[in-house]
Structure formats: structure tokens, C-alpha cells
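Below is one structure, written out as C-alpha cells; the observations come after it.
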Amino acid sequence: VPILFFRNILSVGDGISILIKSSSIDNSKSLVRVLIESIFSLEYLLQENTKNRSLAYFVWNAHKDLKFIEQINFTTETGKQLKSNIAKDKFAKDIEIDYLPEFDEGKKNAEELLKLPNYVSVETEYQRTLLKNKKVNNWFTLYDGPQDFEQLSAKINLNSFYQLHYRYYSKNI
């Protein structure tokens, strides 16, 4: 997981540099916000308990995948709701969305990951957090972690940077 965040930091930094070289400063601001999120997330990940935090990221991501797959499967309740919303959407109503067999494979992979021995205790923690908070918005919320990005910035002692920079870039988004 640290490598995933680091790779994202490099990729986003590269995108920012290309925009700035092209004098597209304002367009780079949203990427600066993404860059800050990745740097803060990596900092939190490496701060302590890196193994469990890394596993928490994978478990959280598996649940995000499962939720998405359920949503685009129009035979499920959430899928039926999405289909109904699409039919009312002025931009998406004419778009055909097919449930592909690859989604079943993705669902199977996510479910199998959650059953692997290394992930069982983290899955239990995910379910505990879900019961406590009614939802799990971020991977860092597990293990009684920060509830949002502002709390995460305070946890890694970068709250002033968050207030001065991240909030500024967020207003453009």
C-alpha cells in the first residue's frame, strides 16, 4: 500500500508539472489537492501500525468494489434504485449499462480476499466500525482512526497545512 500511494504521488506530481509547464496553473489546483491527500495518507499509513493500516486499505477497497458491483447489477435492490435514477437522469438516461461477467469475477475476488487469514481480523474491524459509524467512508477510519480528512491531518500533525492549503484548493473543487 505504501508503494501504491507513492506511485500516485509521483503520477499526480508529474501531471501537475506538465500543467504548470503549459501555464495551466488553475487547472493544476485540483491535482494539488489530490497530491496532498496522497501525501497525508502515506504519512498516516507509515506513522504507526503500518501492517494493519495497509490491510485496512485493502479491506476497505474490497468493500468499495463489492458495493459498486452490487449497484451496477440491476437485479439487486441497490441496482434497481440506480437503474431508476439513471432513467430519470437527463444526461445518463439514454446510456445502456450492461452487467458484464467480469464483474462477477471482481466480486468473487473481493469476497475471497476478505476471507484470507491475514484479512479476517481486519474484516471484523471493518464490520465493527460499520456498526459503530453506520458507514466506513475511508480506510483510515478503521481501528478508531480519524473520521475524515481534517481529523487525519490533525493526527499526523499537519493540521495547519491542511487549513492553509488543502482547504484553499478544496474551494475550487
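The values are calculated or read from the model by the stated rules, or taken from the named source; none is laboratory data. Keep in mind that what you see is a predicted model, and the values were worked out from it rather than measured. For neighbour counting, all protein chains shown are included, and Cβ atoms are generated from backbone atoms with ideal geometry for every residue, glycine included. Note: accessible area is taken over every heavy atom of the protein model, side chains too, but ligands, DNA and RNA are not part of it. Shrake-Rupley method; radii C 1.70, N 1.55, O 1.52, S 1.80 Å.
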Those residues of the stretch 37-68 which are closer than 15 Å to V12 by Cβ and either acidic (D, E) or crowded, with 21+ Cβ neighbours inside 10 Å (or both) amount to E37, F40, S41
(1) within 15 Å of the chain's Cα centre (by Cα); (2) at pLDDT below 95; (3) open to solvent by 80 Å² or more (accessible area, probe 1.4 Å) all hold for R33 apart from (3)
Reported set for the stretch 122-140 where residues are surrounded by 13 or more Cβ atoms within 10 Å (Cβ to Cβ) and under 24 Å from V32 (Cβ atoms) is N138, W139, F140
For the stretch 159-173 the number of residues that are touching a residue at least 12 places away in the same chain (Cβ under 8 Å) and either surrounded by fewer than 14 Cβ atoms within 10 Å (Cβ to Cβ) or touching an Asp or Glu at 6+ places or on another chain (Cβ under 7 Å) (or both) is 3
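Give the stretch 88-140 a look and list any residue that's outside any loop (DSSP other than H, G, I, E, B) and at pLDDT below 90, or say none. Don't jump to the end; show me each part of the working.
Just the residues of the stretch 88-140 that are outside any loop (DSSP other than H, G, I, E, B), to begin with: 88, 101-115, 117-133, 139-140.
Of everything in the stretch 88-140, those that are outside any loop (DSSP other than H, G, I, E, B) and at pLDDT below 90 turn out to be P101, E102.
When you look at Q71, is it closer than 19 Å to Y162 by Cα, out of contact with any strand residue (DSSP E or B) (no Cβ under 7 Å at 6 or more places or on another chain), open to solvent by 60 Å² or more (accessible area, probe 1.4 Å) and polar (S, T, N, Q), yes or no? Give the steps one after another, and end with the answer.
Working: closer than 19 Å to Y162 by Cα: no; out of contact with any strand residue (DSSP E or B) (no Cβ under 7 Å at 6 or more places or on another chain): yes; open to solvent by 60 Å² or more (accessible area, probe 1.4 Å): yes; polar (S, T, N, Q): yes.
No; evaluated as a whole, the condition is false for this residue.
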Answer with yes or no whether Y119 is more than 24 Å from E43 (Cα to Cα) and out of contact with any Ser or Thr (no Cβ under 7 Å at 6 or more places or on another chain). no
